[in-house]
Amino acid sequence: MTNTEAPNKDAMLVELAMAHARDGVAAIERRLAGGPLPSTLDGRLRLFVRAAIDNHRDDPALHRVLFEQAPRPPELLEFLHAAEEQAIAAARELLAADPRVTVADVPMAARLVVNAIESLVHRFVAQDHPGGRLQDAGRFEDELVDMLTRYLTGPRDAPGAAGSGDATA
């Protein structure tokens, strides 16, 4: 068999990365369509954090290879960006409808929440750790949900007050 007859390593990695991304999108869609969402903000956040953890559970070493070494052709990047924007739109809708959410910029908060969940879960699961990270997945999930809930519901400084994020202060 010549090299042109068999898929090369990069093509196989791209297909595996695409399959992983499709699985992640499908998991979120199932959770959104699977009946009523939890009534609390932390319950909804937990649902999405758990979906991300579950999507990374299968083979942490493979996920590390996929996202550190696989090429990113335009069609994969396009799919990943579209999936991210769909997740952000869904998060924006959920956050805007929740009376406990106190952030002033809900669209930015939705982007931060989606990106934080994906990035932190990927790093948590894919990084080497003695004994394996998944044994600590419950604690990680609890802490990430708590962090995001506090960010979304915490008290806010008055505009222009010290510590409000104004770089000119």
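Side notes on the structure shown:
- Cα-based shape type of the stretch 54-138, given that a ≥ b ≥ c are square roots of the gyration tensor eigenvalues and the cut on a/c is 1.5: oblate
- Estimated FRET transfer efficiency (Arg72, Asp142; beta-carbon r; R0 35 Å; 0.05): 0.60
- Relative contact order of the chain, defined on C-alpha pairs under 8 angstrom at six or more residues apart (%): 28 percent
- Carbon and sulfur %, accessible surface of the chain computed with the full protein complex present, 1.4 Å: 56 percent
- The chain - accessible surface per residue (Å², probe 1.4 Å): 61 Å²
- Computed label-point distance, nm, for sites Ser119 and Glu84 using a 7 Å Cα→Cβ extension: 1.0 nm
- Span-like helix ranges in the chain, DSSP H, alpha carbon extent 27 angstrom or more, Kyte mean at least -1.0: 9-33, 74-96, 106-126
- Inter-probe distance in nm under a simple model that places probes 7 Å from Cα toward Cβ, at Arg156 and Thr40: 2.3 nm
The values are calculated or read from the model by the stated rules, or taken from the named source; none is laboratory data. All of these numbers come straight from a predicted model, not from anything done at the bench. Methodologically, a virtual Cβ is constructed for each residue, glycine included, from the backbone with ideal geometry; neighbour enumeration extends over all protein chains shown. In case anyone asks, the SASA skips ligands and DNA or RNA and just uses the protein heavy atoms, side chains included. Shrake-Rupley method; radii C 1.70, N 1.55, O 1.52, S 1.80 Å.
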